[in-house]
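These notes concern the structure reproduced below.
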Amino acid sequence: MALTIKEVEHVAQLARLKLTEEEKVKFAQQLSTVLDYADTLNAISTEGVEPLIHILPIRNVFREDQRKPSMEREEILANAPLAEGFQYKVPKIM
Amino acid sequence: MSPDYEIVIGLEVHAELKTQTKIFCSCSTAFGAEPNTQTCPICAGFPGALPVLNRQVVDLAIRAGLALHCEIPAMCKFDRKNYFYPDLPHGYQVSQFDFPVCKQGYLDIDIEGQKKRVGVTRAHMEEDAGKLVHQGDITTTPFSLVDLNRSGVALLEIVSEPDMRSAQEARAYLEKLRSMLLFAGVSDCKMQEGSLRCDANVSVRPFGQQEFGTRCEIKNLNSFRALERAIEYEAKRHMEALEDGTELFQETRTWDEEKQMTRSMRSKEEAHDYRYFPEPDLPPLFISREWVDEVRAALPEMPEQAQQRLMEVYGLPEYDAALLTLTPETLDFFDRCVQEYPDAKTIANWMMGEFSRLLNQTNQEIGDSHLTPDHLVQMLRLVDDGTISGKIAKTVLEDMFNSGQSPQEIIKAKGLVQISDADTLLPLIEDIVGANPKVVEDYKSGKGKAMGFFVGQIMKATKGQANPALVNELLKKVLDSIQ
Amino acid sequence: MELYELTVHELQELLAGGITSSAEIVKSVLARIDAVEDQVKSFITVTREQALDKARQVDAQGSYQGLAGIPMGLKDNICTRGVKTTCASRMLADFIPPYESTVSRRLDQQGSVLVGKLNMDEFAMGSSTENSAFFATRNPWDLTKVPGGSSGGSAAAVAAGQIPFSLGSDTGGSIRQPAAYCGVVGMKPTYGRVSRWGVVAYASSLDQVGVLSKDVRDNAMIMQIIAGHDPLDSNCVDLAVPDYVAGLDGSVRGMRIAYPREYFGVGVNESVRDLVMQALKKYQELGAIVEEASLPHSEYALPAYYLLGPAEASANLACFDGVRFGCRDNTAENVVDMFSGTRDHGFGDEVKRRIMLGTFALSSGYYDAYYLNALKVRRLIANDFTKVFNDYDIIIAPTTPTTAFGLGEQRGDLLTIYMNDVLTVPVNMAGLPGISIPCGFTGGLPVGMQIIGKAFDEATVYKAAYAFEQNTDFHTIKPQLGVR
């Protein structure tokens, strides 16, 4: 299927990607090509086929409810672009 | 409320499950730790970190489901719910979408003596997000700080049917739900600490209309009172809009406790599209009937059963039994008292009366106070054997409540022992009577008040410690002996 | 022969015999890197000092057990504690993980010496390593050609003698395709055989870590170490790992081999096809039963993959929001702009394309038609393999339709570049083990043959690969690089 510029904008907004006007045009065209290719799946009937949600025949994998030491917060914060008072700092939300 | 409209309410309740560790990692869930001291690559959403499910979470979810009379399907799975928010480390929340762990249950609530059944649509396991700390208000703060201690804490989201029709019903449902979760031992349900959180979906429609009105979701309801107020406020807002013909939007609103009003949380963003899909990092869960039966067998006594027991075994009235089964701690207190002391009704009276008053006054839960069942029973015995009067007992109870001392210690320290000795009381009575000849005259002429005056004076003189029965007896004798 | 030219098992013999030391081996490898890196450009990070330190430590212990003293290289999406792990992305250009992947920990515990982190397509999305945000890696056989991808650095480094073995990751062919283009051995194990803990996810239900090596024996030996249950990865199964090396007996007598007709059809280069057919004849000569079979839904694997992979990626890459790690747009005034500004700057075009594609496939109104339908097609593809494996022990096919293409040649033409994975993607969709081994040359470039096995039957795949290798000498032919 062909994606419109509007659809590309919607998808980019959901995915938190900022696109220039040229990029929107380029991606609309490229994504449409891939979606056209994906549409070749319509050639086969998948009616009644169970979706493959998990490839492995395993189930119920657990750990026990036992505490282990957390990571040192200096370490967990070491890669933060911006932190203050041992917390991640982000610009205003609204 | 206008009689022409019907309010329709459904609640989404998030209960923090009582586990030692988070749902997908081994970090502690303890409340109140220093920021970001209970985090690891898994709950902080680092690339390459993978979740492993905490078995206890599933056990507790099944237990809650059984308490809420839910069906536990043989298969359930986790899904990713996609949205961006600074407190959501992965950029998605691991939750359950189309195959939840519990479905189709119910809760019975009591509305002015009438039983009403509220449907529970589903309950599903999910991870909590982190905490955002703002400078003042979210709408005005120049920046926010992110603490991920709470990120990954196990939640059970319990979704009700839109079966409630008033703020009171919604409150009753939440109270009952809380009580069920407390009894089942699945959550601490502390609203102040956020281990029980409630969102309300509210809409209003003209009576008789089949379709629902425009629905608003209200968040930030941190107390029973807030829930009631917010629903009342929101319903009124909807009714006014319907009357005026103003348009209502389906939106998320927040309860402003200070201003006692709901506010729109809508930003310029368009509607959410959560793009749920199966969580590929977690294999599906198959819950066998044996597993469910095991959990069922281990389920503690639930409030309804306990209420029945209190009525049947101890002959308590329904009202008393209902109050004593509000929380497991209350019931446990009663049960421990009644094992030692035969008069259940007296225990109930003290618990629902003086004890409850003190708890309310100090804003405490029964487990927080210093009063022990043992001390209450000792105090009741001291009343029975005449060591203290019922009036003094109230003082003793308050002291026990505040200090945790035994009744004997308090009585001894404060010299509160009842004076039941005629030789001590008689001279005192004679003195008081002798000093008030006018009142004696009143007595003789049949004025009932006179007797009360003398009792009051004697009690005052003995700081309330005189045995009231003995005082009456002696007083009568003295007065009658006067010609 | 220089030390850098040797295989792992040859180096082990020299160490055990006291003929060389780990420090000498590491120095030889570092010298080789210095000599040819300008041409090949396979390393993002070289951990020179750290490697020499560890080598000396190992030497000080006096004896060499397991992989003690053997240099290794890791694809740069495998997290190494304290060592920069970039995923070849601007987003993670300065990311130093505070944790270690299970695979690298196991190798480290065996005494292996990390020499560096290898180039790749950004976040493992690509088939040429041209999508690296830093630089393109070149094919040691022809520096004007790509090494394949996404584990292009891992394959090129082994082919160029810069490292005796490396780890890569394979989501749709990202180990096998570059192994084929670079003429080395590359194994993608069964999904669930090797832990993914600490490996930056592209598509979680398809990703597996595997080994790139100079020969089959080395590959089996390394796989033995990294395979097996890991409680940190819920999908890494608790199943005993057989002794792969002990199973390498050189025999395929009586082995039942299928070659799927769909893998030899249109789009497959004639010389590639001929070389694989010759290899099948070889197997026949060695006593195997070789028959044609059919995997009828093969052509649908690639379009389904380009929905499922991106869908999972769209969520996996949502953690890159500028809050906790990675780059951040510091100019943004609010959080929404910070998110999109960060992601705009941090991600390259192919990553953005796949995120958008996946976001779209999951979005309201398109989920059923795209994502869910692709899951159903995935079932049909897996079922095809199950049927063939009822009658056969392994499946043999070309790894890729062509040999390595020219740098820049396929830039911009998405479907052409996606076609590189057409013969490897079905194996990921079915979660099966697949190896690529050299089976000849055409136009001076290596050709890879793919051997696909039953789930968790890597042993038979290795056995078959080893038998072919022992009876041919393609693996002994090395690219000639001009040395400065």
Counted residues, the range B:315-341 - those being crowded, with 22+ Cβ neighbours inside 10 Å and of a type in the set (Val, Ile, Thr): 2
Residue within the range B:277-294 that is among the aliphatic types (A, V, I, L, M), assigned to a loop (DSSP other than H, G, I, E, B) and loosely packed, with under 13 Cβ neighbours inside 10 Å present: no
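Taking the range A:11-27 on its own, how many of its residues are of a type outside the set (D, E, K, R), surrounded by 20 or more Cβ atoms within 10 Å (Cβ to Cβ) and either facing another protein chain (nearest Cβ under 7 Å) or over 12 Å from C:Ile355 (Cβ atoms) (or both)?
6
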Of residues in the range B:21-31 being in contact (Cβ under 8 Å) with a residue 24 or more places away in the chain and farther than 14 Å from A:Phe62 by Cβ, the one farthest from the other protein chains (Cβ to nearest Cβ): B:Phe31
Test for C:Leu362: is it at the interface with another protein chain (Cβ under 7 Å from one of its Cβ atoms), of a type in the set (A, V, I, L, M), within 24 Å of C:Ala179 (Cβ to Cβ) and free of Cβ contacts under 8 Å to residues at least 60 places away in the same chain: no
Where a residue in the range C:270-282 is closer than 14 Å to C:Gln450 by Cβ and its partner, wherever it lies, is assigned to a helix (DSSP H, G or I), with Cβ under 7 Å and at least six apart: C:Arg273/C:Phe264; C:Ala279/C:Phe468
Count of residues meeting criterion [farther than 21 Å from C:Ala374 by Cα and assigned to a helix (DSSP H, G or I)] in the range A:19-36: 9
Evaluation of A:Leu3 against (1) more than 7 Å from chain C (Cβ to nearest Cβ); (2) surrounded by 15 or more Cβ atoms within 10 Å (Cβ to Cβ); (3) out of contact with any Phe, Trp or Tyr (no Cβ under 9 Å at 6 or more places or on another chain) (one fails), failing number: (3)
Residue under evaluation A:Ser45, criteria (1) within 30 Å of C:Pro426 (Cβ to Cβ); (2) in contact (Cβ under 8 Å) with a residue 12 or more places away in the chain; (3) more than 7 Å from chain C (Cβ to nearest Cβ), criterion not met: (2)
Residue satisfying condition, being among the hydrophobic types (A, V, I, L, M, F, W, C), touching a Lys or Arg at 6+ places or on another chain (Cβ under 9 Å) and at the interface with chain B (Cβ under 10 Å from one of its Cβ atoms), within set C:Ala288, C:Ala318: C:Ala318
Top-ranked residue in the range C:224-249 [being β-branched (Val, Ile, Thr) and part of a loop (DSSP other than H, G, I, E, B); ranked as farthest from the other protein chains (Cβ to nearest Cβ)]: C:Val245
Test: residue in the range C:430-438 that is of a type outside the set (Gly, Ala, Ser) and within 12 Å of chain A (Cβ to nearest Cβ): yes
Neighbours by Cβ (under 7 Å, 6+ apart or cross-chain): first from the range C:407-421, closer than 15 Å to C:Ser150 by Cα and touching a residue at least 12 places away in the same chain (Cβ under 8 Å); second exposed (fewer than 15 other Cβ atoms within 10 Å of the Cβ) and of a type outside the set (Val, Ile, Thr): C:Met419/C:Gly267
Meets criteria (touching a Lys or Arg at 6+ places or on another chain (Cβ under 6 Å) and either more than 9 Å from every other protein chain (Cβ to nearest Cβ) or under 19 Å from C:Gly358 (Cβ atoms) (or both)) for A:Val8: yes
Among residues of the range A:39-85, those that are of a type in the set (Ser, Thr, Tyr), outside any loop (DSSP other than H, G, I, E, B) and surrounded by 18 or more Cβ atoms within 10 Å (Cβ to Cβ), counted: 0
Residue tally, condition in contact with a helix residue (DSSP H, G or I) (Cβ under 6 Å, 6 or more places away or on another chain) and small (Gly, Ala, Ser), over the range C:13-31: 4
All strands (runs of 3 or more DSSP E) inside the range B:1-115 with 1 or more residues being among the polar types (S, T, N, Q): B:79-82, B:92-95, B:102-111
Output for the range B:432-451, where each listed residue is within 55 Å of the chain's Cα centre (by Cα) and either under 15 Å from B:Lys477 (Cα atoms) or surrounded by 15 or more Cβ atoms within 10 Å (Cβ to Cβ) (or both): B:Ile432, B:Val433, B:Asn436, B:Val439, B:Val440, B:Asp442, B:Tyr443, B:Ala450, B:Met451
Count - residues of the range B:145-184 that are buried (at least 21 other Cβ atoms within 10 Å of the Cβ) and farther than 24 Å from B:Ala67 by Cβ: 9
Which numbered condition A:Lys92 misses (of (1) farther than 27 Å from C:Ala311 by Cβ; (2) modelled with pLDDT of 95 or more): (2)
Pair list, Cβ under 6 Å, 6 or more apart: the range B:192-215 residue within 28 Å of B:Ser151 (Cα to Cα), other residue of a type in the set (Asp, Glu): B:Ser195/B:Glu16; B:Ser195/B:Asp188; B:Asp199/B:Glu12; B:Asp199/B:Glu217; B:Asn201/B:Glu217
Residue within the range C:136-144 that is among the hydroxyl-bearing types (Ser, Thr, Tyr) and within 24 Å of C:Thr442 (Cβ to Cβ) present: yes
Counted residues, the range B:58-78 - those being within 27 Å of C:Ser101 (Cα to Cα) and surrounded by 24 or more Cβ atoms within 10 Å (Cβ to Cβ): 1
Options C:Val184, C:Val245, C:Val194, C:Val200; residue that is of a type in the set (Val, Ile, Thr), farther than 30 Å from B:Ser26 by Cβ and buried (at least 24 other Cβ atoms within 10 Å of the Cβ): C:Val184
Residue under evaluation B:Trp255, criteria (1) within 26 Å of B:Pro100 (Cβ to Cβ); (2) surrounded by 19 or more Cβ atoms within 10 Å (Cβ to Cβ), criterion not met: (1)
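The values are calculated or read from the model by the stated rules, or taken from the named source; none is laboratory data. Values in this document were obtained by computation on a predicted structure and should not be read as measured data. With ideal geometry, Cβ positions are generated from the backbone for all residues, glycine too; neighbour counts draw on all protein chains shown.
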